[in-house]
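> First the structure, which I've put down as structure tokens, then a few questions once you've had a look.
The values are calculated or read from the model by the stated rules, or taken from the named source; none is laboratory data. Nothing here was measured: the structure is a model prediction, and the numbers come from that model. No Cβ is skipped: glycine too gets one built from the backbone with ideal geometry, and neighbour counts run over all protein chains shown.
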Amino acid sequence: MATVLALTLGAATLLGAPGPAHAAGPEADSASPYLVGRAVADITGEPEDSDKAGYFAPMVRTHGLHTRLRARAFVVVDRASGKRVAVAVADANHIDDAIREEVLRRLQSRLGDTYTRENLLLTSTHTHSGPGGHMHDNLYNLGSFGYKDQNFEANVTGIHEAILAAHGDLAPGRLDMGGGELEDASVNRSKAAFDRNPAADRAFFPDAIDPQTTTLSLSRDGAPVGAINWFATHGTSMTGDSTYVSGDNKGYAAYHWEREVKGVDYLSPADPSFVSAFAQTNAGDMTPNLNLRPGSGPTDDQFTNTEIIGSRQYEAAEAAVDHPAGPVDGPVDSRFTYIDMGSTTVSPTYTGDGRTHHTCSGALGTGFVAGSKEDGPGVDLINEGSDDNPVFDLLGAALYRASPALKACQAPKDIVIPSGDLQLTPNVVPLQLVRIGQLYLMAVPQEFTIVAGLRLRRTVAQIVDAPLDNVLVAGYSNGYAGYATTPEEYDKGDYEAGHTMFGRWTLPAYQQHMAALAHDMKAGRPTPVTITPPSHSATLLNAPRTPWFDAAPPRRRFGDVLQQPAATYQRGQQVEARFVGAHPNNDLLHGSTYLTVEKSTPDGWVRVADDGDWATRFQWAKTGVGTSAFTATWDIPHAAEPGTYRITYRGRSRQLLAQPESFTGTSRTFQVD
């Protein structure tokens, strides 16, 4: 059951001081210390023949769309100092430095140095059902058999569009914070590793989960206009076997709040009435699969689980907006640098054993190959954990003989892939600290386990003298470089340890680097950038493209209906229509839709649903040489109005020796009783 903490005047821990209830009216907004802006944009990549980034299952390709993916951007400006930060949350598995740099380049071409590396934070929801191949590190494109520029461009274009729109949306507004505990949306998938931590750390998480949910809300004229929630759970409610593109549980939470509760129309270019984002924290060992099996928990249906886990996050966030602990008040600030995690000397201050240690060039262990059995298993014959794996040493020796120095540095991990030395994964990564009033966000490019996150939070909270609840790990931010476990968890050798690429002392190194940013911020001095990562654009391995041209069957045209809906339906039933199709990757229809459900009204046909809605899906399938079928479904909501409906399909064909053409197909009408 989701438990919301007391968020009244007495809920001082989240803010460090009690605060009043919502202030209302334009006069209060004009006196606000902040300008706030928010926006949402489409980032959906190829719905056909992409891998689902995060699952590393190259044989499972996307063949349709369940929900569109979106970027949600928020800009906050401190009116006293003029300092600002932009936070963009993308429905993606991960964001890499190349995406961030290209977004910045495009922003600066329009707005000069208004947004920089220092004040722009890009983070991802970590859905495992988004199209892959968009990274500039070859290892993370293996599932797509290489780099896919169309998916890279989809992310860059949408994120840039969202930030630009949020910048244009800036106006006086109020910020509030609220929080609570959400106890039924995650479970620890690596409990044996968690149990290796000291008793004091385990006692902080008595149920071996991080239940803290934190929400920053934006309001104007006394009404909420946006919210960002942070909560730790993986984006793996949709399984690795699904062939649908999906925003998973955090995508559903945002969609539900915006579309189903607030009535936002994503296809309208007008300013949205409400924008909500559900960001990650230290979710490294947190799974939404409550029964510790892929697609299981709380039910055995992946779509139902996605909706339930997403709804629980939404309910906790909405409660925090309705009953905030108090207003945000304080400066806006940020610090940024790059760090060489492949070669960091870690001081005894952070190692915990009184000795100096070193991080290592990135390397992946056998636990990485095994995968997380609770979310998306890798090689079935390989077990997680160095102490119970009969082929652990054999596999490491067979696949790669690492140098003695690297083996010693990575011990006790047995190296399978020296990915840093091979330049398959980054050694130089971004690190950022953002302050919005009482809230501190530590933007890291790795997946921290909950105890690793706790130690990093304690390090910074002590330096900046902030309540621990106000200092959050913003995981999956600005880049991606695997996991970060505690040294004790590292020794267990589970999946999370096998993907902790920089060795046993990864977490202490992050504590040391983040402490430096915190000291700089507290002292008001700039943070130097002494190193930048190399560009891998020239060494990207492009994914092979299967030759394809579109053709219509004899005596048919694109968009012709192959299977009509039934004449009548009851609410709760599913409508299905099949059309002569064209390859959906011909045009990703950003900001638009492949399908609509329309209702007849006295004023004409009115769209009631599109391919961004939870109740719709489409699947695309080849039917012959160049021919294909597009199957659209609509699960009729129980609240649907009785009446006459139809389904439309829009696409773009690329025929041999002909110019690409757009087309539309329309089903016959059907009644909903």
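> Which of the residues spanning region 560-575 are surrounded by fewer than 16 Cβ atoms within 10 Å (Cβ to Cβ) and farther than 14 Å from Gly665 by Cβ?
Matches in region 560-575: Ala566, Ala567, Thr568, Gln570, Arg571, Gly572, Gln573, Gln574.
> Follow-up question, since we're still on this one. Just to check your reading of the model, which residue among Gln570, Gln563, Gln619 is in contact with a Gly (Cβ under 8 Å, 6 or more places away or on another chain) and either in the same structural domain as Leu657 (by TED's automatic domain parsing) or closer than 25 Å to Asp673 by Cβ (or both)?
Working: Gln570 fails: in contact with a Gly (Cβ under 8 Å, 6 or more places away or on another chain); Gln563 fails: in contact with a Gly (Cβ under 8 Å, 6 or more places away or on another chain).
Only one candidate passes the filter, namely Gln619.
> When Asp610 is evaluated against the numbered criteria (1) out of contact with any His (no Cβ under 9 Å at 6 or more places or on another chain); (2) among the charged types (D, E, K, R); (3) farther than 26 Å from Gly263 by Cβ, which criterion, by number, is the only one it fails?
Condition (3) is where Asp610 drops out.
> Then there is this: Is it true that Ala629 is under 17 Å from Gly64 (Cβ atoms) and surrounded by fewer than 20 Cβ atoms within 10 Å (Cβ to Cβ)?
Values: under 17 Å from Gly64 (Cβ atoms): yes; surrounded by fewer than 20 Cβ atoms within 10 Å (Cβ to Cβ): yes.
Taking the combined requirement at face value, the residue satisfies it.
> Here is a follow-up. When you check Asp207 against the structure, is it farther than 30 Å from Leu424 by Cα, surrounded by fewer than 24 Cβ atoms within 10 Å (Cβ to Cβ) and at pLDDT 95 or above, yes or no?
yes
> Taking the conditions exactly as written (part of a strand (DSSP E or B) and among the hydrophobic types (A, V, I, L, M, F, W, C)), does Phe336 satisfy them or not?
Against the criterion (part of a strand (DSSP E or B) and among the hydrophobic types (A, V, I, L, M, F, W, C)), Phe336 qualifies.
> Same structure again: Just wondering, is there one or more residues in region 190-201 that are closer than 28 Å to Thr67 by Cα, part of a loop (DSSP other than H, G, I, E, B) and in the same structural domain as Arg105 (by TED's automatic domain parsing)?
Taking region 190-201 as the starting set, the residues that turn out to be closer than 28 Å to Thr67 by Cα are none.
No - not one qualifying residue is present in region 190-201.
> Any residue in region 195-209 that is within 21 Å of the chain's Cα centre (by Cα) and in contact (Cβ under 8 Å) with a residue 60 or more places away in the chain?
yes
> Also: Going by what's in this entry, would Phe274 be described as hydrophobic (A, V, I, L, M, F, W, C), without any contact (Cβ under 8 Å) to a residue 60 or more places away in the chain and buried (at least 19 other Cβ atoms within 10 Å of the Cβ)?
yes
> Within region 518-543, can you find the residues that are farther than 21 Å from Glu102 by Cα, surrounded by 12 or more Cβ atoms within 10 Å (Cβ to Cβ) and hydrophobic (A, V, I, L, M, F, W, C)?
Selection gives Ala518, Met521.
> For the condition part of a strand (DSSP E or B) and either in contact (Cβ under 8 Å) with a residue 40 or more places away in the chain or outside the structural domain of Ala609 (by TED's automatic domain parsing) (or both), what is the one hit in Gly64, Gly82?
Gly64
> Quick check: anything in region 589-604 closer than 25 Å to Asp673 by Cα and either of a type in the set (A, V, I, L, M) or at pLDDT below 95 (or both)? Spell out the reasoning first.
Taking region 589-604 first, the residues closer than 25 Å to Asp673 by Cα are 595-604.
Next, only the ones that are either of a type in the set (A, V, I, L, M) or at pLDDT below 95 (or both) stay: 595, 597.
Taking every residue of region 589-604 in turn, at least one turns out to be closer than 25 Å to Asp673 by Cα and either of a type in the set (A, V, I, L, M) or at pLDDT below 95 (or both).
> Still on this structure: Kindly indicate whether Phe231 is modelled with pLDDT of 95 or more, crowded, with 24+ Cβ neighbours inside 10 Å and of a type in the set (Phe, Trp, Tyr). Before the answer, list the steps.
Values: modelled with pLDDT of 95 or more: yes; crowded, with 24+ Cβ neighbours inside 10 Å: yes; of a type in the set (Phe, Trp, Tyr): yes.
Yes.
> Taking the options Leu267, Leu290, name whichever one is among the aliphatic types (A, V, I, L, M), closer than 30 Å to Ala165 by Cβ and assigned to a loop (DSSP other than H, G, I, E, B).
Of Leu267, Leu290, the one residue that is among the aliphatic types (A, V, I, L, M), closer than 30 Å to Ala165 by Cβ and assigned to a loop (DSSP other than H, G, I, E, B) is Leu267.
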